[in-house]
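Here is the structure we will look at, set down as structure tokens.
The values are calculated or read from the model by the stated rules, or taken from the named source; none is laboratory data. What you are looking at is a predicted structure, and each value in this text was computed from that prediction instead of being measured. Cβ sites come from the backbone with ideal geometry, for glycine too, and all protein chains shown count toward neighbours.
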Amino acid sequence: PLLYTMEVWWAGFSSHPWRLAAYVVATFVLLLGYNYYAGLRRDSCFEEVVIDSVEEMGLGLAVAACVLWLLGRVTFEMPASESVGQIVVEAMTVAIGVSVGTAQFGGDEDGEDAHDKGVGGDDKEAGRRGASSDEGGIHFAGQCVLAMCGAVLFAANVAPTEEIIMIAVEISAWRLLGLAVLSLGLGALILYYSEFAGAKRHVRFDSHHDMLVGTIVTYAVALLASALILTFFGRFDGQSLATCVAQTVVLGVAATMGASAGRLLLQ
């Protein structure tokens, strides 16, 4: 959807080079984390994770450039700075989508073969990825990375739009609090009551305390992702602290749904 969003095209025109560079670095780090914890090749070493991440960024750049050219948003007559800005802004989210897509649709066969054979490589994988023996899932840092990926994929589609800042400026404090409560409720519902396949294996629920902690951590990751994305798109520039907080909470609703679903689905 971002490839068809006018506000993202404008962000490519107006973003300062340091913002573009920071966006690229942040996306690359996120790709490293995702490929390490839940990538296509579960037994890969760190060097292979880096190679996979570079390839995915390259594919993201190629796909974004091709689609933008076909849409007429990038032409050979445009200044290089405008063309590169648009392509980079669009490509980073595309790269995350490429990473998730290759892991989800390309890794099932290997995973099923390993499961059917009962190989002892699971212990090796669990140790490398930090999975706990009782949960059988990815440990805390890995869960946060997956939550961040999901939050970015959801929130990046909404963050550039004018509606976020419009709602943030007009909304009352009580409604803003209501959105925060709604986000927490949605997070708990998706994580612990949605009956997603594998949910019980990936999300710990031994007590209500576990549910509370897991929901709060997921919401915190969603808010962090929202703030970072809004910062990149320049939505905090010249705004008061109250407006910045309001924008983060408003966008946090979408980001929380992505973060919660990401913890269950992106592995």
Can you find a residue in region 188-209 that is more than 15 Å from Leu153 (Cα to Cα), of a type in the set (Gly, Ala, Ser) and at pLDDT 95 or above? no
Against the conditions (1) more than 20 Å from the chain's Cα centre (by Cα); (2) of a type outside the set (Phe, Trp, Tyr); (3) farther than 21 Å from His208 by Cα, where does Ile164 fall short? Just the number, please. (1)
Check Gln267 against each of (1) under 18 Å from Gly150 (Cα atoms); (2) part of a loop (DSSP other than H, G, I, E, B); (3) at pLDDT 90 or above; (4) not hydrophobic (A, V, I, L, M, F, W, C) and name the one condition it does not meet. (3)
Condition test on Leu32, is it closer than 13 Å to Val145 by Cβ and at pLDDT 85 or above? yes
Suppose we filter region 58-86 for residues that are loosely packed, with under 13 Cβ neighbours inside 10 Å and either β-branched (Val, Ile, Thr) or touching a Gly at 6+ places or on another chain (Cβ under 7 Å) (or both); how many remain? 1
